[in-house]
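Trainee: Sharing a structure below in structure tokens format, with a few things to ask.
Rule-based calculations on the coordinates, nothing more; no lab input. Just so it is clear, the structure is predicted and the values come from calculations on it, not from any experiment. Ideal geometry is used to build each Cβ from the backbone, glycine not excepted, and the neighbour counts take in all protein chains shown.
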């Protein structure tokens, strides 16, 4: 372990160079995720701040925007690899209150499907313009950014699989 890394990683989390690397990866993942959600929440602009919409809320809005047909709660959770359905429901209520999302015609209480409203589409256009200016343009100037991001995507997908397998193993053991 380098002295620089050893000083900032609690010893109980990193007893070997590999553990230090994984711990550093996890810390970077935490910081990147929080920065991502904070930024994309703010990129929704003043209308979203008025309704206290978060980055998590924006993720759901964008999932619905990307879908060719209305989605239900299970589909939204599955797409984002989430199992916190009460939080997703809360986000949907906030998006509905802001008039960005609505229940799709034909939805029932047992199977509510959601779609983006015209107001939600307009706000998304503003979001996309801000995102292009503040995220896409600067990141396109980074040397070899696309290749670095492709490498990161592979690593993140691999680690998501490892974390999911760990979750399944823990759940199986806890059920005994």
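Trainee: What are the extents of the Cα atoms of segment 70-149 along their three principal axes, listed from largest to smallest and rounded to whole Å?
Mentor: 50, 28, 18
Trainee: Which whole-number percent is the relative contact order of the chain (Cα, under 8 Å, 6+ apart)?
Mentor: 16
Trainee: Going by how many other beta carbons lie within 10 Å of each one, how would you line up 159, 136, fewest first? Kindly include the intermediate steps, with their values, before the conclusion.
Mentor: Details: 159 14, 136 10.
Lowest count first: 136, 159.
Trainee: Also, I was wondering about something else. Using all Cα-Cα distances in the chain, what percent lands in each 10 angstrom bin from 0 up to the longest?
Mentor: 8, 27, 31, 23, 10, 1, 0
Trainee: Also, I was wondering about something else. For a bin width of 5 Å, list the pair-distance distribution of segment 118-159 built from all Cα-Cα distances, rounded to whole %.
Mentor: The distribution over segment 118-159 is 5, 21, 16, 15, 17, 14, 10, 3, given as percents.
Trainee: Using a Gaussian network model on the chain with a 10 Å cutoff between Cα atoms, which of 76, 156, 61 fluctuates the most?
Mentor: Answer for the Gaussian network model of the chain: 156.
Trainee: What is the angle, in °, between the Cα long axis of helix 17-42 and the longest principal axis of the Cα atoms in the chain? Nearest 10 is fine, range 0 to 90.
Mentor: Around 20 degrees separate the two axes.
Trainee: Report the gain in length on full extension from residue 39 to residue 142: 0.36 nm times residue separation, minus Cα-Cα distance, nm rounded to one decimal. Present the calculation step by step, with values, prior to reporting the outcome.
Mentor: Working: separation 103, 0.36 × 103 = 37.08 nm, distance 1.90 nm.
Additional length available on full extension: 35.2 nm.
Trainee: Still on this structure, I have one more. If we sort 31-37, 95-101 on the protection proxy, mean other Cβ atoms within 10 Å, highest first, what's the order? Present the calculation step by step, with values, prior to reporting the outcome.
Mentor: Details: 31-37: 12.0, 95-101: 19.9.
Peptide ranking by packing, descending: 95-101, 31-37.
Trainee: Tell me the mean residue ellipticity at 222 nm calculated for the chain from its helices only (DSSP H runs of n ≥ 4, each -39500 (n - 2.57), averaged over every residue, nearest 500). Mind dumping the intermediate values first?
Mentor: Working: 9 runs with 117 residues, N = 176.
Result for the chain: -21000 deg cm²/dmol, rounded to the nearest 500.
Trainee: Test of understanding: ordering 92, 53 by Cβ neighbours within 10 Å, fewest first, what list do you get? Walk me through the numbers before you get to the answer.
Mentor: Numbers: 92 20, 53 24.
Ascending number of Cβ neighbours within 10 Å: 92, 53.
Trainee: Work out the FRET efficiency for residue 129 and residue 99 from their Cβ-Cβ distance, taking R0 = 30 Å, and round it to the nearest 0.05. Each step should come with its number before you reach the end.
Mentor: On the way: r = 20 Å, r/R0 = 0.68.
E between residue 129 and residue 99, to the nearest 0.05, is 0.90.
Trainee: Next question. Using Cα springs under 10 Å in a Gaussian network model of the chain, which residue among 16, 112, 28 shows the largest mean-square fluctuation?
Mentor: Result for the chain, Cα springs under 10 Å: 16 fluctuates most.
Trainee: Hey, in the GNM for the chain with a 10 angstrom Cα cutoff, which one of 119, 110, 131 fluctuates hardest?
Mentor: In the Gaussian network model the winner is 110.
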